[in-house]
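What follows is a short report on a single structure.
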């Protein structure tokens, strides 16, 4: 039986709009498990000439949530030159996941399962690992639910 994990992030606060968040490079890791079968990654060419190999975990009208070895990033659509999808076409599972952008540039994709007024707390169940993350509303820059910004 899988345990539910709830993690509360305590992060610094920055005051930027989501447009100010340029893609933050992944940590330099070649492989976290040399004997594991690696999921086929998408290749994304950025307008600045950089190519990243990543998994696209979610999307909203302004950005994709991408991951590499469980690091999640926010990738604005206006930074992308082209995407070569791993299996030749865009995955159907991208339609519908809720996405959150934190004020420090970290992103989450999954399903918002709680949005509490007091304390101002949002819980999102990850689409990639099934964990439940608890985030204070004051940490969040943008929230998208069912593809719409709320």
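FYI, it's all coordinate maths here, none of it is from the lab. Note that the structure is a prediction, hence the values are computed from the model and not measured. Please note: Cβ atoms are built from the backbone with ideal geometry, for glycine as well, and neighbour counts cover all protein chains shown.
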Does at least one position in the stretch 71-93 carry a residue that is in contact (Cβ under 8 Å) with a residue 24 or more places away in the chain, closer than 22 Å to residue 28 by Cα, surrounded by fewer than 16 Cβ atoms within 10 Å (Cβ to Cβ) and under 10 Å from the mean Cα position of the chain (by Cα)? yes
Scan of the stretch 51-92 for residues that are closer than 19 Å to residue 132 by Cα and not in a strand (DSSP E or B), ordered by number: 69, 70
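At least 3 residues that are buried (at least 18 other Cβ atoms within 10 Å of the Cβ) in each: list the strands (runs of 3 or more DSSP E) lying fully within the stretch 111-150 that qualify.
Values: elements: 121-126, 132-136, 140-145.
In the stretch 111-150, 121-126, 140-145 are the strands (runs of 3 or more DSSP E) which contain 3 or more residues that are buried (at least 18 other Cβ atoms within 10 Å of the Cβ).
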